[in-house]
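Below: one structure, written as structure tokens.
The values are calculated or read from the model by the stated rules, or taken from the named source; none is laboratory data. Predicted model only: the values in this text are computed from it and were never measured. Don't worry about glycine lacking a Cβ; one is built from the backbone with ideal geometry, like all the others, and counts go over all protein chains shown.
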Amino acid sequence: MTAVAPGSAYRVGNRYYKTDEEFLYACAEVMREEYKAIVEAELILQLDDPATATGWDMITPEPSVEEYKKFTMARIKVLNHALRGLPPERIRYHLCWGSWHGPHVTDIQCATSSM
């Protein structure tokens, strides 16, 4: 069963919290209840997180790659917080580059790293 990741739920906008970090963690705590319910129902939890990739070309002015990595890693940290204690074998992560009709000429490059 699909559920939105906190980093993508974050797109609704912060109107009540003092910082973006507080807002992200509030999203994580709310979504955690949904994640637990899905796993407790013996379903596989699929986390949909399109904002991780598509957020790159939605930030104005465009950040550097290092700035965007920092931005993204903060959201991954919050996601891990929301998933704490849940069985990893019951969780899947879905990342996509969006579904608009047209060429993806402003996408961030998918980088590979050597291990």
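Of note:
- Those residues of the stretch 91-115 which are charged (D, E, K, R) and at pLDDT 75 or above, in sequence order: Arg92
- Against the numbered list (1) in contact with a Pro (Cβ under 7 Å, 6 or more places away or on another chain); (2) within 16 Å of Lys77 (Cα to Cα), Val39 comes up short only at (2).
- Filter result (among the polar types (S, T, N, Q) and touching a residue at least 60 places away in the same chain (Cβ under 8 Å)) within the stretch 61-107: Thr72
- Residue in the stretch 1-33 that is farthest from Asp107 (Cα to Cα), counting only those that are more than 15 Å from the chain's Cα centre (by Cα) and of a type in the set (D, E, K, R): Glu33
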